[in-house]
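Let me begin by presenting the structure, written as structure tokens, before commenting on it.
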Amino acid sequence: MKSVAILPLRKSSKGIPGKNKKKLLGRPLYQWVLGEAIQSNIDEVYVFTDDDELIESINSIYHWTNKVRTFRRSDESATDTASTELGMFELAKALKYNFDIFCLLQATSPLLTHTDINLVIERVVSGEADSALTVVNTKRFIWSPRGKSLNYDYLERPRRQDFDGMSIENGAVYAIKKEVYQQTNNRLGGRIGLVEMPEDTLYEIDELSDWVIVEEIIKERLRKFKQPFDRIRALVLDVDGVFTAGTLAVSADGEFSKTFSLRDGMGLEIARENGLNIIVMTSELSAVVDQRMKKLEIDHYYKWTKDKYTFLSLLCSQLGYARNQLAYIGDDINDLANLLSVGWGMAPRDAVNEVKSQVDYLLHAKGGDKAIREGVDFILKMNTRF
């Protein structure tokens with residue numbers, strides 16, 4: 001059954017200006033949901049937006065997957081007062097209802113995982129429900145503004161362990177069969193199934209205070225990938241600020257030169273001799289770097305990788321690695337999600353402060369000046385315990 005998802009993003013945002021592109025742990029907000037959608041069983045994900053700059057960016061960033069599409073939403077569906085249902089109808093009509101399951105994802109729910117998406121879709125595909133949504137079960141006692149207890153009898157207050165609580169929409173994922181959607185023009189209809197998510201996913205990002213809370217929750221989630229401690233099988237490296245000092249010589253014709261450490265090159269040779277796979281990821285395009293990677297015989301060299309976290313997740317699946325079997329050296333915030341979630345996250349001495357404060361090991365060497373060699377030596381010593 002073909003499943004299609006819509007991820008609505010408006011250019012304007014009153015609560016948090018530029019919210020969808022604002023960086024959460026080094027990644028634009030929308031990437032936390034879009035990245036999980038790419039890893040899910042959804043066949044096509046349409047980023048539905050009135051932001052032409054974002055459309056151009058997404059079309060460029062996700063060149064490595066055929067799942068991600070963009071759709072320029074109408075001005076009518078992009079207003080503050082326009083309903084999400086209007087946007088869904090606009091896309092469904094444009095697609096001529098060429099799907100079996102229609103899903104709604106929302107960027108304000110960055111705690112969503114691809115497992116949650118798959119569970120919602122499965123509820124519908126299996127025939128258990130005509131539509132499904134994610135919820136959070138809460139055992140809080142709820143009152144109406146008029147002072148009426150809604151989910152319990154206050155005269156017979158139940159003990160928490162005896163209280164079933166209530167299921168509350170967290171706004172993360174919705175899915176519905178095409179024929180039911182065509183009848184209702186709504187995200188839900190018919191027999192409705194529920195998929196429970198953890199209580200902390202009740203947070204949606206609407207205000208800056210939500211942003212701070214969600215960021216801390218994601219940090220703790222990412223750190224859980226580090227456990228249990230395991231032998232490091234691969235070293236993942238950024239380029240600028242790691243292989244190099246993060247500086248660039250430029251001529252009138254563009255990029256002119258970068259400086260690389262020969263001792264770092266020897267470090268990579270030693271790493272391979274000791275069974276470490278080398279993976280290089282950079283968000284840039286550089287003929288100079290291309291030549292250096294060719295000289296170093298780096299087979300796993302990936303350039304123009306602007307969503308490093310999602311790309312590395314997919315690469316791990318292909319290569320058979322768990323995140324706790326990776327070490328990663330990065331220097332800037334676009335590496336932060338990966339640094340937090342691998343077995344050993346390391347940074348050169350001159351990395352940005354936001355990175356230095358979060359890594360497992362701060363190298364003594366600076367980028368481009370034996371930082372990689374030091375990282376390799378450290379990993380090989382750690383691996384001797386296995």
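Regarding segment 229-240, can at least one residue be identified that is over 27 Å from residue 350 (Cα atoms), free of Cβ contacts under 8 Å to residues at least 40 places away in the same chain and either of a type outside the set (A, V, I, L, M, F, W, C) or part of a helix (DSSP H, G or I) (or both)? No: zero hits. Just checking, does segment 282-291 include any residue being under 24 Å from the mean Cα position of the chain (by Cα), in the same structural domain as residue 337 (by TED's automatic domain parsing) and surrounded by 17 or more Cβ atoms within 10 Å (Cβ to Cβ)? Yes; the residues of segment 282-291 include at least one that is under 24 Å from the mean Cα position of the chain (by Cα), in the same structural domain as residue 337 (by TED's automatic domain parsing) and surrounded by 17 or more Cβ atoms within 10 Å (Cβ to Cβ).
For segment 306-335, the set of residues classified as in a loop (DSSP other than H, G, I, E, B) and either touching a His at 6+ places or on another chain (Cβ under 6 Å) or free of Cβ contacts under 8 Å to residues at least 12 places away in the same chain (or both) consists of 320 only. Here the condition is being closer than 23 Å to residue 217 by Cβ, at pLDDT below 95, out of contact with any strand residue (DSSP E or B) (no Cβ under 9 Å at 6 or more places or on another chain) and not β-branched (Val, Ile, Thr); of 26, 18, it holds for 18 alone.
With the structure loaded, tell me whether residue 278 is modelled with pLDDT of 95 or more and crowded, with 17+ Cβ neighbours inside 10 Å or whether it fails that test. In short, yes. Tell me whether segment 251-258 contains one or more residues that are touching a residue at least 40 places away in the same chain (Cβ under 8 Å) and outside any strand (DSSP E or B). Looking for residues that are touching a residue at least 40 places away in the same chain (Cβ under 8 Å) and outside any strand (DSSP E or B), one finds none in segment 251-258, hence no.
For segment 205-222, the set of residues classified as more than 19 Å from residue 321 (Cβ to Cβ) and not charged (D, E, K, R) consists of 205, 208, 209, 211, 212, 213, 214, 217, 218, listed by residue number.
With respect to being touching a helix residue (DSSP H, G or I) at 6+ places or on another chain (Cβ under 8 Å), surrounded by fewer than 20 Cβ atoms within 10 Å (Cβ to Cβ) and within 23 Å of residue 98 (Cβ to Cβ), residue 65 fits the description. Restrict the check to segment 1-11 and report whether at least one residue is within 24 Å of residue 101 (Cβ to Cβ) and at pLDDT below 95. Looking for residues that are within 24 Å of residue 101 (Cβ to Cβ) and at pLDDT below 95, one finds at least one in segment 1-11, hence yes. On the stretch given as segment 223-250, residues that are farther than 12 Å from residue 322 by Cβ and acidic (Asp, Glu) total 2.
A quick yes/no check of all residues on (1) under 30 Å from residue 175 (Cβ atoms); (2) out of contact with any Lys or Arg (no Cβ under 7 Å at 6 or more places or on another chain):
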{"site": "213", "(1), (2)": "yes, yes"}
{"site": "279", "(1), (2)": "no, yes"}
{"site": "282", "(1), (2)": "no, no"}
{"site": "287", "(1), (2)": "no, yes"}
{"site": "291", "(1), (2)": "no, yes"}
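Scoring residue 373 on the criteria (1) crowded, with 18+ Cβ neighbours inside 10 Å; (2) within 27 Å of the chain's Cα centre (by Cα) leaves a single failure, condition (2). All of (1) within 17 Å of residue 219 (Cα to Cα); (2) surrounded by fewer than 23 Cβ atoms within 10 Å (Cβ to Cβ); (3) not basic (Lys, Arg) hold for residue 12 with one exception: (1). Suppose the filter is modelled with pLDDT of 95 or more and under 25 Å from residue 316 (Cα atoms); does residue 237 pass it? Yes; evaluated as a whole, the condition is true for this residue.
In segment 204-228, which residue that is aliphatic (A, V, I, L, M) and without any contact (Cβ under 8 Å) to a residue 60 or more places away in the chain is nearest to residue 333 (Cα to Cα)? Checking each candidate, the answer is 212. Considering segment 42-56, the residues that are closer than 23 Å to residue 117 by Cβ and part of a loop (DSSP other than H, G, I, E, B) include one that is nearest to the chain's Cα centre (by Cα), namely 42.
Only a single item in (1) of a type outside the set (S, T, N, Q); (2) farther than 28 Å from residue 179 by Cα; (3) not in a loop (DSSP other than H, G, I, E, B) is not met by residue 11, and it is number (3). Applying the criterion of being surrounded by fewer than 17 Cβ atoms within 10 Å (Cβ to Cβ) and either among the basic types (Lys, Arg) or within 17 Å of residue 187 (Cβ to Cβ) (or both) to the residues of segment 70-83, the residue that is nearest to the chain's Cα centre (by Cα) is 72. For residue 327, the conditions (1) at positive phi; (2) touching a Phe, Trp or Tyr at 6+ places or on another chain (Cβ under 7 Å) are fulfilled apart from (1).
What number of residues in segment 142-193 are assigned to a loop (DSSP other than H, G, I, E, B) and free of Cβ contacts under 8 Å to residues at least 40 places away in the same chain? Summing the residues that are assigned to a loop (DSSP other than H, G, I, E, B) and free of Cβ contacts under 8 Å to residues at least 40 places away in the same chain in segment 142-193 gives 16.
Put simply, of 155, 133, 119 the only residue that is among the aliphatic types (A, V, I, L, M) and surrounded by fewer than 11 Cβ atoms within 10 Å (Cβ to Cβ) is 155.
Taking every residue in segment 345-356 that is in the same structural domain as residue 329 (by TED's automatic domain parsing) and under 20 Å from residue 382 (Cβ atoms) and pairing it with any residue that is assigned to a loop (DSSP other than H, G, I, E, B) and small (Gly, Ala, Ser), at least 6 positions away or on another chain, the pairs with Cβ-Cβ distances below 6 Å are 348/367.
The values are calculated or read from the model by the stated rules, or taken from the named source; none is laboratory data. Quick caveat: nothing in here was measured; it's all calculated off a predicted structure. As a convention, Cβ positions derive from the backbone with ideal geometry for all residues, glycine included, and neighbour counts pool all protein chains shown.
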